[in-house]
Amino acid sequence: MIERVQTGVRLERRLLKVLKGLAELKDMSLGDLLEGIVLHAFEGKAPFDADTLKAVDDLKRVYGLDLTAADSHKLKENTHDR
């Protein structure tokens, strides 16, 4: 048994849209998808198979997400839009 808690995590808008789209495609909640991604990452395992990665690429194109892992520690937030 586990205990889940509500959290107020801020994410880049397009990234969130891709994640929500993928969760919908997989018929799972966003929280379940994120838990799976993180648990795989903690073990150094890839969370997605080739078909899922294709779906991610498609969703990235739809939502204009051009960020990569190389961008992850260099993101600057526009604080004027809050």
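Things worth noting here:
Conditions tested, residue by residue: (1) in contact with a strand residue (DSSP E or B) (Cβ under 7 Å, 6 or more places away or on another chain); (2) loosely packed, with under 10 Cβ neighbours inside 10 Å; (3) among the basic types (Lys, Arg).
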site: ARG13; (1), (2), (3): no, no, yes
site: GLU24; (1), (2), (3): no, no, no
site: HIS40; (1), (2), (3): no, no, no
site: LEU53; (1), (2), (3): no, no, no
site: VAL56; (1), (2), (3): no, no, no
site: LYS60; (1), (2), (3): no, no, yes
site: HIS80; (1), (2), (3): no, yes, no
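- Qualifying residue in the stretch 63-75 (condition: without any contact (Cβ under 8 Å) to a residue 60 or more places away in the chain, assigned to a helix (DSSP H, G or I) and surrounded by 14 or more Cβ atoms within 10 Å (Cβ to Cβ)): yes
- Residues considered: LYS60, LYS26, LYS17, LYS45. Of these, the only one that is touching a residue at least 40 places away in the same chain (Cβ under 8 Å) and closer than 30 Å to GLU3 by Cα is LYS17.
Bear in mind these aren't lab numbers, they're just calculated from the coordinates by the rules spelled out. This structure is a prediction, so every number in the text was calculated from the model and none was measured. No Cβ is skipped: glycine too gets one built from the backbone with ideal geometry, and neighbour counts run over all protein chains shown.
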